[in-house]
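The values are calculated or read from the model by the stated rules, or taken from the named source; none is laboratory data. Note that the structure is predicted; figures quoted are calculated from it, not measured. Glycine also receives a Cβ, built like all others from the backbone with ideal geometry; neighbour counts cover every protein chain displayed.
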Amino acid sequence: MTFLTVLSFAVALAVGVWLGLPRRYEQPLDEIDERLEEGGEHQRVKRHRTVFTLLQTKVERGSHRRRRRSGRPFRMG
């Protein structure tokens, strides 16, 4: 039973690594050169709200931290 558990973990890890690999880039160099020579606007990146970005947001603002700070951070003497 332990062997099957270890084997299933190894297979799951291998599938996860395989799915996480970047796709093959199959665009010809001539097409890339044509795109680079064109002028104009570039596409904008869409920002998505995810659970991870909500966890990363700071609750406390920088202005609140500056107001709370009193005096010098290092006292000499």
Quick test for you: out of ARG69, ARG44, ARG75, pick the one residue that is modelled with pLDDT of 75 or more, of a type outside the set (Asp, Glu) and surrounded by fewer than 10 Cβ atoms within 10 Å (Cβ to Cβ). ARG44
So is SER63 modelled with pLDDT under 85, small (Gly, Ala, Ser) and assigned to a helix (DSSP H, G or I) or not? yes
